[in-house]
Each structure stands twice: as structure tokens, then as C-alpha cells.
Amino acid sequence: MNGTRATVLGLALAALATAACADDAKGDAWQFEVTPYVFGAGLRGTTGIGPVTADVDSSFGDILKHFDGGFMAAAEARKGPWVFAFDGVYFRLKDQATRSWQGPGGIGSATGDLEATVSQLVYQLAVGYRVIDTSTAKLDAIGAARYTRLGTDLNLATTTGPLLPGGTRSVSGSADWWDPVVGFRVILPFAEHWSFMGYGDVGGFGVGSKITYQMIAGVNWEFAKSFTAKLGYRYMYQDYDNNNFLWKIAAHGAYIGVGIAF
């Protein structure tokens, strides 16, 4: 019996190896791409810790003035119709003035100036399958898990009225969660070495965020072998409200990067 199982296993492995060699012979080998990029995001929405909420409306210029560190990078591995992707964004903003704020008992922005220090980390792990693959259009169906970690400090810079809860001038909070996400990506070549890329997803569904969605539109230019310039616009919204931490914020703006294939 053991000999029979070994023979069957050996034949199965041989068949898989033969299929893999056949795939590679058809140009179906693994393909990889790493893309460092810059996301010129502005932030707009509401964040809150306990009874204190603040409206944030920061342009990319505002963020540059208060930028305290960050990184952005994406990576993709493809074999046949399957794609495995990672996207990571981290940034920290320090002492960003809020547009308005509301404290306990109706304390508002008229009684002081509130500044926010925000750190945000977003990782997305995705698996996709190419359902359309022609010379004029390519379409990937995508399922993903999006991890978010946030930390927010709200600090009174000046005040002529009551302080924050507990008689303090600052409150802090943090949260982290996972969101299931489903989406699609379309690639439309329109000239030699040029293509349009569109991406959209939606998720959360109350598992982490109440709702989160993202839209990307961009142009890719393969300016040299294995090098692709990428330029476009990205919008990502998250609505999270749990454990005295509120984050209803849209991050949006232009991005630019270079894809390195190998």
C-alpha cells in the first residue's frame, strides 16, 4: 500500500512539474513588480476621541508643512491569471490645526484652537484573478484584506474657555482593525507603451469599518524595459466608529511612482 501511495504521489508530482514547465514554456512564469511611490494626500472629514471631535480639512500643502515621516510602496507577483499584491501607506502628521472642534457640553472652536497629531498605517493584501485578458482590455477581479492602525492626539494650542475632559489640554486615542474588501482593476492600453489603469473597491461591511471604499484612476508609461512611470489620482474613505474612537476621513490626492519589474 505504501508503495502504491508513493507511486501515485510521484506521478502527481511529475504531472505538476510537467504542467509547470509547460506553463513556463508558454511565458507563464512568475512576474514581479515593486513600485515605490508618493501619495500627495489631503485629509478631509471628522476624527474624535471620546466626547471630543474635530473636523479636519488639510490640503497636500498643509500636510507637507506638518509631515513628520512616512513611506509608500506597492508590490505585485503574477503567475498566469493569478495576481498577489501588497500596498502599504504610512504617514505621521504633527500639530495640524483642525478646522473646528466640539467638546463635551457643547464646547466649540470659539473657545480655543485644537491641533491634531495623526499617525496612519494602511496595509492591503490582495489576491486577484484575470477574467479578461485581451490586447485591448484586461480586467482583474480582486479580494483583499485591509489593515488600518491609527493614533490621534488632540491638543489645545490656545483656549479661553473650559479645558478638555479631566481638566487636561489633550486627549489621545488609537485603534486598529481589519476590513474585508472586494474590487476590480481594469487596464486599457491606448498607445505603444501607454495604458490607462482604473481601480475600485468597497469593504468593511461592519466587520471593521462601517464602510470603506477606494477609487484610483491613472496612466502608466513604460519608458524603458522593466521600468514604468505611474501617475494618477487616488481617493480612499474610511468610516470607523468604535471604542470611543471615531475616524470618518477621506484621503485623496495625486500619486506618482515608478514600477520596477523583474
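If you go through segment 157-184, how many residues are part of a strand (DSSP E or B), more than 20 Å from residue 213 (Cβ to Cβ) and touching a residue at least 40 places away in the same chain (Cβ under 8 Å)? Outline the logic, then answer.
To start, the set of residues in segment 157-184 that are part of a strand (DSSP E or B) comprises 157-159, 164, 168, 170-184.
If we keep only those that are more than 20 Å from residue 213 (Cβ to Cβ) too, we end up with 157-159, 164, 168, 170-174.
Subset that is touching a residue at least 40 places away in the same chain (Cβ under 8 Å): 157-159, 164, 171-174.
Total meeting the criteria: 8.
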Seminar exercise, completed: (1) of a type in the set (Lys, Arg); (2) farther than 21 Å from residue 245 by Cα; (3) at pLDDT below 95 all hold for residue 99 apart from (2)
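Answer yes or no as to whether residue 69 is in a strand (DSSP E or B) and surrounded by fewer than 18 Cβ atoms within 10 Å (Cβ to Cβ). Can you show your working first?
Details: in a strand (DSSP E or B): yes; surrounded by fewer than 18 Cβ atoms within 10 Å (Cβ to Cβ): yes.
Considered against the rule, which asks whether it is in a strand (DSSP E or B) and surrounded by fewer than 18 Cβ atoms within 10 Å (Cβ to Cβ), residue 69 comes out as yes.
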For this session: Read through the list (1) surrounded by 14 or more Cβ atoms within 10 Å (Cβ to Cβ); (2) small (Gly, Ala, Ser); (3) closer than 30 Å to residue 260 by Cβ, then give the number of the only condition that residue 100 fails.
Result: (3)
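Out of segment 124-156, which residues are basic (Lys, Arg) and closer than 23 Å to residue 208 by Cβ?
Within segment 124-156, 146, 149 meet the criteria.
Suppose we filter segment 218-241 for residues that are farther than 19 Å from residue 55 by Cβ and in contact with a strand residue (DSSP E or B) (Cβ under 7 Å, 6 or more places away or on another chain); how many remain?
So in segment 218-241, the residues farther than 19 Å from residue 55 by Cβ come out as 218-234.
Narrowing further to those that are in contact with a strand residue (DSSP E or B) (Cβ under 7 Å, 6 or more places away or on another chain): 218-223, 226-234.
Within segment 218-241, residues that are farther than 19 Å from residue 55 by Cβ and in contact with a strand residue (DSSP E or B) (Cβ under 7 Å, 6 or more places away or on another chain) number 15.
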Problem set entry | For residue 127: the one exception among (1) surrounded by 19 or more Cβ atoms within 10 Å (Cβ to Cβ); (2) modelled with pLDDT of 95 or more; (3) not hydroxyl-bearing (Ser, Thr, Tyr) | (1)
Exercise. List the pairs whose first member sits in segment 203-228 and is under 21 Å from residue 178 (Cα atoms), whose second member is outside any strand (DSSP E or B) and not charged (D, E, K, R), and whose Cβ atoms are under 8 Å apart, counting only residues at least 6 apart or on separate chains?
Worked result: 203/209; 210/204; 211/204; 211/205; 212/204
Problem set entry | Pairs with Cβ under 9 Å, 6+ apart, first in segment 76-100 and on the phi > 0 side of the Ramachandran plot, second of a type outside the set (S, T, N, Q) and assigned to a strand (DSSP E or B) | 80/130; 95/68; 95/115; 95/116; 95/157
For this session: State yes or no: is residue 187 assigned to a strand (DSSP E or B), closer than 24 Å to residue 58 by Cβ, in contact with a Leu (Cβ under 9 Å, 6 or more places away or on another chain) and not charged (D, E, K, R)?
Result: no
Problem set entry | Qualifying positions in segment 52-64 - in a helix (DSSP H, G or I) and surrounded by 14 or more Cβ atoms within 10 Å (Cβ to Cβ) | 60, 62, 63
Exercise. Just a yes or no: is a residue in segment 177-195 of a type in the set (S, T, N, Q), under 30 Å from residue 222 (Cβ atoms) and in contact with a strand residue (DSSP E or B) (Cβ under 7 Å, 6 or more places away or on another chain)?
Worked result: yes
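The values are calculated or read from the model by the stated rules, or taken from the named source; none is laboratory data. Keep in mind it's a predicted model, so treat the numbers as computed, not measured. Note: ideal-geometry Cβ built from the backbone for every residue, glycine included; neighbour counts use all protein chains shown.
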